[in-house]
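For reference, the structure discussed in these notes is given below.
The values are calculated or read from the model by the stated rules, or taken from the named source; none is laboratory data. From a predicted model like this one, the values you see are computed outputs, not experimental measurements. So basically every Cβ, Gly included, is an ideal-geometry build from the backbone, and we count neighbours across all protein chains shown.
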Amino acid sequence: MFGSEPNRPPYQKEKAQQLVKELKEEVKQLSELLYKPDDLEVTQKIRHDEQSSKERSVKGGLQVKVVSASGQASDKTTNSQGQEIETRFVDSKTDFLRRHIMDYQNLFKKMSVLSGDDSFLFFLNGFNTPPLCGVIVLGHE
């Protein structure tokens, strides 16, 4: 183990950086989810309105010494149309996790391909604990 040559090729840096980016995004979403209320009823309304209007007017007049005449014609058309869609659902943390389980499995597959070995999830205690000897933590700072 110590003082010997590595028997694996080095990780592909670009793929490792992309995987770190994806993992950080998932951790960010899970952190936001942690502090959201659970089983929250959400109502979403979408409204579309359309209006069209046409107006035509004709005016005319004639005045001759003693006699005068005038006329007016008007035509007005108005159309209005609307649609409202209302959706109600319950926002659940459990449902969120179920919808994203395939994403998490895909991340672990990518880690296995990158490392050429099995991938595991370790929860560190948040006190900036260094990774265990022999355990690779991508993006650990």
*How about the stretch 83-112: which of its residues are closer than 24 Å to Lys13 by Cβ and of a type in the set (A, V, I, L, M)?*
Leu107, Met111
_Where a residue in the stretch 7-34 is surrounded by 10 or more Cβ atoms within 10 Å (Cβ to Cβ) and its partner, wherever it lies, is of a type outside the set (Phe, Trp, Tyr) and outside any helix (DSSP H, G or I), with Cβ under 8 Å and at least six apart_ = Ala16/Leu138; Leu19/Leu138; Val20/Leu138; Val20/Gly139; Leu23/Leu138; Leu23/Gly139; Lys24/Gly139
*Would the stretch 86-108 turn up any residue that is in contact with a Ser or Thr (Cβ under 8 Å, 6 or more places away or on another chain), modelled with pLDDT of 80 or more and not in a strand (DSSP E or B)?*
yes
*Pull up the stretch 35-56, narrow it to residues that are in contact with a Ser or Thr (Cβ under 6 Å, 6 or more places away or on another chain) and either touching a residue at least 40 places away in the same chain (Cβ under 8 Å) or of a type outside the set (D, E, K, R) (or both), then point me to the one that is nearest to Gly82 (Cα to Cα).*
Gln51
